[in-house]
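The values are calculated or read from the model by the stated rules, or taken from the named source; none is laboratory data. Just so it is clear, the model here is predicted, and its values are computed rather than measured. Here the Cβ is made from the backbone with ideal geometry for all residues, glycine too, and neighbour counts use every protein chain on show.
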Amino acid sequence: MGCSREGTIEGQEMNVEGWKKLFIRAAGFGAGAVATLVVCTLALYWWSQRPKPWTDSAISAKYAQITLQQEGEEFRLSFEYALTNRTKNPYTLPSNSFGALMRRLPADKSFDKLDDSSWDDTLVIPPGQSFNMKFKVPYKLSEYGTTSAKLNAYTPNEDHKAFAPEALNEFTNRRLSEIDGLVFYDYVNHYRIELPRNWELKPSKP
């Protein structure tokens, strides 16, 4: 009976050693799986955060028209373009926080951000479709030393049946002459949207 008891104890010791080996193997496998998961997570994060190259071919634009609007002592130019989505996914212009409308300066072709500009950041353009988009640029008349009353006043020598007073035509021409085309920058997708200048200035009175 003593031998039988010793055999049982030895068997128990062998079982304990087997469980230890199994536990160590399982622990090693678990640590390897965690390490692999960490590496995959870091790789995925790097891929999502990597610098994206800029492209100007994703969204194209064709000039449509310019409209003028006055509200109080603010003068607004609305530049309308037909935007074509050339990507495979629906596209929406980002908000002011993640996008910017720039004007190209005629003198040196550098860019100047139009801080108070606005656009529709809810319109969804399906792939391959073209939708009209208005980019609105406001001008505070006080910053240009004039008023709405002055711009809308006809001089005695003007034709009062003309579409607009000469003062308003001249003010509009000056603002448009300061813009050699527009460019929209989408900071989220790294899209550069060229908004070409195809407009003509209104003839001024000689």
For the stretch 126-136, which residues satisfy the criterion of being in a strand (DSSP E or B) and either more than 17 Å from the chain's Cα centre (by Cα) or free of Cβ contacts under 8 Å to residues at least 40 places away in the same chain (or both)?
-> 130
Pick from 135, 171, 163: which is in the same structural domain as residue 74 (by TED's automatic domain parsing), loosely packed, with under 13 Cβ neighbours inside 10 Å and of a type in the set (A, V, I, L, M, F, W, C)?
-> 163
Of the numbered conditions (1) under 30 Å from residue 59 (Cβ atoms); (2) in the same structural domain as residue 82 (by TED's automatic domain parsing), residue 200 fails exactly one; give the number of that condition.
-> (2)
Quick one: which of 201, 123, 195, 182 is surrounded by fewer than 17 Cβ atoms within 10 Å (Cβ to Cβ), under 18 Å from the mean Cα position of the chain (by Cα), closer than 25 Å to residue 83 by Cα and among the aliphatic types (A, V, I, L, M)?
-> 123
Any idea which residue in the stretch 138-160 is surrounded by the most Cβ atoms within 10 Å (Cβ to Cβ), counting only those that are of a type in the set (Phe, Trp, Tyr) and free of Cβ contacts under 8 Å to residues at least 40 places away in the same chain?
-> 154
Sort out which residues of the stretch 78-103 are touching a Leu at 6+ places or on another chain (Cβ under 7 Å) and among the basic types (Lys, Arg), and write them in order of number.
-> 103
Taking the options 88, 109, name whichever one is exposed (fewer than 12 other Cβ atoms within 10 Å of the Cβ), in contact (Cβ under 8 Å) with a residue 60 or more places away in the chain and not in a strand (DSSP E or B).
-> 109
Within the stretch 116-137, identify whether any single residue is of a type outside the set (Lys, Arg) and over 30 Å from residue 98 (Cβ atoms), and answer yes or no.
-> no
Here is a list of conditions, (1) at pLDDT 95 or above; (2) touching an Asp or Glu at 6+ places or on another chain (Cβ under 6 Å), and residue 61 meets all of them except one; can you say which number that is?
-> (2)
Breaking point among (1) more than 30 Å from residue 89 (Cα to Cα); (2) touching a residue at least 24 places away in the same chain (Cβ under 8 Å), for residue 181 | (1)
